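Below: one structure, written as structure tokens.
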Amino acid sequence: VQLRVVPPCYLDRMFLTTPDALGERKCLAVQVELAGLDGKAPEGSAVEVTLYDGEREIAGFREPVRKENPMGMRLEALAGIELWSVEHPKLYQVKCALRQGERDVDVLRSRVGFREAKFTPGGFYLNGERLQLVGLNRHQSFPYVGYAMPARVQRRDADILKHELGLNMVRTSHYPQSRHFLDRCDEIGLLVFE
């Protein structure tokens, strides 16, 4: 269980996609859903999205809060972006802030990898290159404790699949998986079919 304390108007969720990941200039599409608007945005409020490579700011975008929900924004013409792959799982950080004036009222953070994944009659392609998938199915229920496993064990499970069993893909079973497991898969280059 998690408890999140939020202001009356807050960022409910953020959805990131990387259209045209194989293009010379990359793009990050961001959909932000706000909650608590009750028909109008707080005076002087804006949504600000910033893309980082480590501590270095790559690009940012700020737009006044609109009635349309979710709000769609794009960071375009991104140069020097490295692709995420199973051998080199490059991740970037995204900060989305609901701002009033110069103050952050609410913040969501996520990581994103720029990649293109396609299933074709000729096989699976990651970033335009055919990749032979080698994987297993995973249940996150552990003997004697069920789903009550701490984050470190969820992360360790991903490490075992990638580094000890030599897999590049995992299929998860029938229910939402631990975010700790999914985050670790992104970090180490393990594809997930959820």
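The values are calculated or read from the model by the stated rules, or taken from the named source; none is laboratory data. These figures come from a predicted structure and were not determined experimentally. Here the Cβ positions follow ideal geometry from the backbone for every residue, glycine too, while neighbour counts run over all protein chains shown. With ligands, DNA and RNA removed, areas are computed over all heavy atoms of the protein, side chains included. Shrake-Rupley method; radii C 1.70, N 1.55, O 1.52, S 1.80 Å.
Some notes on this structure:
- Cα-centre dipole for the range 62-194 with unit charges at Cβ (Lys and Arg positive, Asp and Glu negative), debye to 20: 240 debye
- Cα-based shape type of the chain, given that a ≥ b ≥ c are square roots of the gyration tensor eigenvalues and the cut on a/c is 1.5: oblate
- Extension gain, Ala117 to Phe15: 0.36 nm times the residue separation minus the Cα-Cα distance gives 35.0 nm.
- Among Gly36, Gly135, Gly122: highest mean-square fluctuation, GNM of the chain, C-alpha pairs under 10 Å: Gly122
- Computed from label points 7 Å out along Cα-Cβ, the spacing between Arg171 and Arg74 is 3.5 nm.
- Degrees separating the helix 179-188 axis from the principal Cα axis of the chain, which is the longest one: 70 degrees
- Gaussian network model of the chain, Cα within-10 Å springs - most flexible of Thr50, Thr18, Thr120: Thr120
- GNM result for the chain, Cα springs below 10 Å: residue of Glu164, Glu57, Glu24 fluctuating most strongly: Glu164
- Mean accessible surface per residue for the chain, computed with a 1.4 Å probe while every protein chain stays in place, in Å²: 59 Å²
- Carbon + sulfur, % of accessible area of the chain - ligands and nucleic acids excluded, 1.4 Å: 51 percent
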